[in-house]
1. B:Thr513's amide H: which non-local residues (gap 5+, or another chain) put their own amide H closer than 5 Å, with H modeled 1.01 Å from N in plane and none for Pro or chain starts?
2. Can you compute the FRET efficiency between B:Ile655 and B:Gln398 using 1/(1 + (r/R0)^6), with r the Cβ-Cβ distance and R0 = 56 Å? Round to the nearest 0.05.
3. Peptides B:118-126, A:336-344: what's the order by average Cβ count within 10 Å, highest mean first?
4. Among the listed pairs B:Lys145/B:Lys247; A:Lys291/A:Lys313; B:Lys32/B:Lys145; B:Lys32/B:Lys88; A:Lys284/A:Lys330, which have their C-alpha atoms separated by more than 18 angstrom in this model?
5. Sorted by mean Cβ packing within 10 Å, highest first, what order do the peptides B:521-529, B:546-554, A:130-138 take?
6. Considering only Cα-Cα distances, which of the following residue pairs are longer than 28 Å: A:Lys118/A:Lys152; B:Lys401/B:Lys1034; B:Lys157/B:Lys210?
7. Would you work out the relative contact order for the range B:495-594, in percent, from Cα pairs under 8 angstrom that are 6 or more residues apart?
8. For the range A:1-131, treating each Cα as an identical point scatterer without solvent, what Debye log10 I(q)/I(0) comes out at q = 0.19, 0.20, 0.21 1/Å?
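Readers should treat all values here as calculations from the given coordinates under stated rules, not as data from a laboratory. Predicted model only: the values in this text are computed from it and were never measured. Using ideal geometry, Cβ is built from the backbone for each residue, glycine included, and neighbour counts are taken over all protein chains shown.
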Amino acid sequence: MAVELDVFVGNTTLIDKDVYQLWLDGYSVSDAVTIRIQSGILEQTGATPDVLESDTMDHYRTFQMLERLLHSPPKLINQLLFQIPPPMQSMLIEKYYAFDEPFVREVLGKKLSKGTKKDLDDVSTKTGITLKSCRRQFDNFKRVFKVVEEMKGPLVENIQQNFLLSDRLAGDYAAVVFFANSRFETGKKRLQYLTFEDFACCAEQLIQNWTLGAVENRTPAANLGPASSTSQIDHAQYPGANVKRTSGRSYCQSPDSMVDDMDVDLDREFLQDLKDLKVLVTDKDLLDQHKSLVCTALRGKVSTFNEMETSFKTLSRGLINIAAKLIHTKDVRDLFIDLVEKFIEPCKSDRWSTNDVCLFLTQYTNTARALDAFKHQCLWERYMGTIKSCIMKMYHD
Amino acid sequence: MPGKLKVRIVAGRHLPVMDRASDLTDAFVEVKFGNTTFKTDVFPKSLNPQWNSDWFKFEVDDEDLQDEPLQITVLDHDTYSANDAIGKVYIDIDPLLSNEAAVVLSGWFPIYDTIRGIRGEINVMVKVDLFHDLNRFRQSSCGVKFFCTASIPKCYKAVTIHGFVEELVVNEDPEYQWIDRIRTPRASNEARQRLISLMSGELQRKIGLKVLEMGGNAVVGYLQCFDLEGESGLVVRAIGTACTLDKLSNTATSLLPPCSSPSKDLKEVPFSEDPNPVTHSSGPSTPLKNQTYSFSPSKSYSRQSSSSDTDLSLTPKTGMGSGSGGKEGGPLKALYRQQTQSAFEHREFPFFTLTTFPPGFLVHVGGVVSARSVKLLDRIHNPDEPETRDAWWAEIRQEIKSHGKALGCHAVVGYSESTSICEEVCILSASGTAAVLNPKMLQDCSMEGCSEHRLSRQPSFFSTGSEKGEFDFFLQCQDSASILGLDDSSSLGCSFCHIPYDELNMPFPAHLTYCYVCRKQKVPDVLFATVEPPLEAAVTGKGCLIQARLCRQKKKTQGEANATAISNLLPFMEYELHTQLMNKLKLRGMNALFGLRIQITVGENMLMGLASATGLYLTALPSPGGIQIAGKTPSDSSYEQHISNMQKKINDMIIKNREIYEINPPEILEELLGSPIPESRQRSRLFRSHSESSDDVSELDLSHGKKDAFVLEIDDADAVEDIHSLLTDAPTPSGFYSCNTEIMPGINNWTSDLQMFTSVRVFHLNNVTSLTSQGLNKAFSDLCENLLKTLYFKLRSMVPCCLCHVNFNVALPEDELIQVAVTAVAITYDKDQAQYITKVCTDKTLLRASAENEDQLQFTLELCMETQSTQSAQLLSPSKAAGITESGSLQPVTPAAQRATSVDYSSFADRCSSWIEFIKQKAQTIRRGSIKTIASLDKASPLAEAHTRHRSPTSCINSTVTVVEMTPLSFIPGAKITKYLGIINMFFIRETTSLREEGGVSGFLHAFIAEVFAMVRAHVAALGGNAVLSYIMKQCVFMENPNKNQAQCLINVSGDTVIFDRDTDVESAPAQPQTSGSQTGNGSGDVIT
């Protein structure tokens, strides 16, 4: 006797969170049944394996039908086909869009194209995540990317509105979209020690300070008057407040600029201007003056003062060169490699503590204000504020 | 020109992409009613069009309004080729025709296509302006309310229950018309859907006319069915109970005790003041099943009836029951009986489709009566004269009526009809419960009415024979009863168990004892009924779902030979099913079955029988004996060993079951009163062979004391199988109870967490012919057991919970396929309180003072407490003690207390509120603890707010979807029903030609059932409702052809649309002054919350 057909439909759609997770993880029905059996559910409930299989099948079918709706979460909320309590709806969406750290590290910064999708089996083998799950996660990235890519307005909000994700997850997706758009290199061996969270923080900084959207948002703030930035540490907390003094120059305020992406693309004018920072290393006097100011400020405060003093010029040159090259797309992609190579690794080899790095970067940024010959204070702060936050996030083992 | 229908098309959303090039759709809408069609403008290039059309106005007859559905078609405009249909919405506007129900239909409806399923949604508004037509020759019956609920609906009061109404209409099935060969499957499906919608509209209108003729204004227990007779046509038939209902003016009156069971609000005046007048003492009863198998090839049908009004010239003869009754009782009693009987006989069919009644309505229950008949279908030549089908049913009803009489009963309650069709053979079945009703209640359920009628006794006595045969005679019955000075045993909750027939002239062999409650009247040893357990019934412990399953092979034959073969098999099947039920009942230590439903399904080469019922232990009935196993005579020692092993297993099982179901009959009673077990010890026995007589086995009585034993002889393989199957029925997992009735006796404290579901399975039997009939039986039984197990597993997160109204439907779609569909609702209950209530229950059985039912008792307990101390919060824990200590004073106190309450109720409520608060908190924590969330159900919207959308408090997401509960029950635990918005009766067809792509048969059906639910919910929400009560999936016909990658499914569902209100402010409720009767009910209900 064989079961030809076996369905269970509730007025309120029954959803088993454990089975949902198994489905998301890309397990086949039979694998899922095996895993469930191993969890000891049979003993707990006194059920038989065929009951478990039937239950798993039912859930899988439900999920498959839901998947179409999950691709557009606002549809899920307004559809009539499945009656699902709102908290459960949120759970379904949140978990569907959740991704695995090992996976995202593989894909972060890659072009979300068919080619990358074809390579997913390698990713799957490497990460131990099922191909099915990899595909779902990849497709999620791509879908979110496609939807928000052309949208104006703040990236995170756009994602949240169109995919109804939690703040945190929407932030993560913003990072993914941002990285994919600028194709930042994250896969090189040097960068392996960095977690997705590190990159996500950096992305947040970059989005808040270096994109076109950052300009738009801050235009009113820029009108408020001259720089009042006291400490760069505040920057991270109030990104909108003071990054954007553009020394009399207004970025992208013409109406047609609204057509452009606001949050996804870096502000090219800003990148262009960054060349002006070169004066800090090309002008010998300025460099020495800067060094002495920093050294004076830090003397006795950092444990690795001597190393700092010796490597100041190299480090400064490194940071300024990164800035100067950013106008080239390729160099934008290498931003993180460059930061690691030019700054983080030298510091690490000199055994700087996190605190040392922090103090150094703070002083390095602030003292430039005292350089009379240096005219690009606002540009400098916009650049260094973000760089500092990124380095601080990335400076760990 | 009595009606103007107005329709406005607002918007669409989530439309499918119809233009591949642009990934968009140019949608417009056609609105069709009758022969008139309107169109909206094309809304170009959008998947979310905003038409915002003007009001389209249709001026139509109200006859059409009732019959026709409003048809809305969404199309994609195409400049060069024909416009493509996206899908359709059929809207039944009937709910708008009753002035009390919905005023406007407005909301999002899924756009449905029979091939592609749901394809987006459309927002529609519909209004009807009705000009009332006083023409008495009119053909319409607007305003007659229909209820699927098989009890008096919550916000109404029954003024008169007129009785049985039936109607059927027939037509050709479009699927079998010649044109079907040339049209697309889509067109064919749509033609069918439309036709059925038209036919059910017409049917409803015709029934409505009958009701108006009878002087009623509503139909309750409305049950409509389709018979897809294939080549020979399509029959839509319906039965119901005509009533005159009065809306309870004060909504507070309709306040349902949140945990209550149906129709509690109809509770009568306290019986202490107005003792139930009717009881005529006489004879015993046991479950009886009268069956008749008539086989009449359609060619030879009698031409008795010529219209669908089955007015057969059935001379009302004095039934056997009444004749014999006269002998025994005094002349007065005989008179009374005859009056009652004769009055009922003026009704063509004294049938009631109701299954729940106001307390005191059911005077006696005789037993189950059923009739089946096998017919050969023939093409219906003239759809306007459905005489054949009418005659068939009339025959069966007549038979039921006479069976009822044989049981000494003048009425049949819980009546239902069904068919099973395979090719050209059709089994018609009808069943019900023979009963003696309290005629007073039939006439009037309100107290004032009673006194009035008492005065006008004489005149109405003479109106007994009035042409309509209504229950005008009731008064003298009541009075004759009181003259007889009959006892008020009904108030003890045992009256309905007393046999209605004559003890000396029993219609069947039964074993009678004196009632274990009142000790005055005779009761049978077991009682079977198709109705719900009466509210006043004294029940010990809890109930459980009991099923008997049977499978019989038959040869594949054609025509008459086939029909004869089936008719020959039927009696044996009924017998077997009955035996199985009895065995299983005994095994659970129970003595009564309620909600019994026996379904016999005919297939090509098999007959399936499935009997489901809820087993109970009625306190009034004797404790069931055990089951004894007797071996065949030539026995060796190992065989003996085997037998005794089995015996032991069975005995253990019985003991275990008694524990599980908390069946602890109050033994004390027996000792106190002495048990007058009647002299004639007739054993109800089951014989496998016919060799032994009952006396021989009496010494085998071992473990079950003085109780009679039920003997199973194993002398052949059959019996071994039987015993085996008895023992292999898996017990329900702990935390679960199940029943097929609406309420589970012994569980009163439902939480508001409920889940209605439908589960369908199709099994393939390999080589049916090679299987023995035992093998088949086992396969079928396993199938059902497995299905139940899956349900328990799936619903494990709701534990502790009870599956209520478990409704199995078996079909044999093809040669080796068995299809089983189950619909039920799982309701979570509060475990701690369950124990509390059980305690009270047991106390009650000890006290048995004047408690009509548990609620009332608790109420009085409460009051007693109040008189002494106000420490009501403590009540929970010391309840048992309280109950016992109070027992002495309880009896005298009760009536006084009740009177007191009706005067000053609010003060009681005040004092009680702290306790209520406590309970509420408790309930809340439990609700929170359970996994299923009902957060969005917080408050139901009355009509005005119905269209304001639900917003979930927890998430940031704003949904525009109203949460709609669906339940097969006639109530929602923890909520009060504020308004009935009309009946939902929908028929859908879904077909696919890409079965594999849609996930195979399971994927296809899963999606379809979900779609059906969605469409039902959308209609309910559009009417402004938030729940469907008495929901039933009456038909689920599934056909597949995997080779062609095709499948088709038809589903018919119905239910009552309502607005309910989750009653959070319980405290305020009891403060409202009401009539004393309902007040008592409410008060007690609130206390239990």
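1. Correct list: B:Val523.
2. It comes out at approximately 0.75.
3. Details: B:118-126: 22.8, A:336-344: 20.4.
Packing order, densest peptide first, comes out as B:118-126, A:336-344.
4. Details: B:Lys145/B:Lys247 11 Å; A:Lys291/A:Lys313 8 Å; B:Lys32/B:Lys145 25 Å; B:Lys32/B:Lys88 11 Å; A:Lys284/A:Lys330 28 Å.
Flagged as over cut-off: B:Lys32/B:Lys145; A:Lys284/A:Lys330.
5. Values: B:521-529: 25.7, B:546-554: 22.0, A:130-138: 19.7.
My ranking of the peptides, most packed first, is B:521-529, B:546-554, A:130-138.
6. Numbers: A:Lys118/A:Lys152 31 Å; B:Lys401/B:Lys1034 25 Å; B:Lys157/B:Lys210 21 Å.
Those over the limit are A:Lys118/A:Lys152.
7. Details: 70 pairs, mean separation 28.9, N = 100.
Reported relative contact order: 29 percent.
8. One equal scatterer on each Cα of the range A:1-131 leads to -1.19, -1.24, -1.28.
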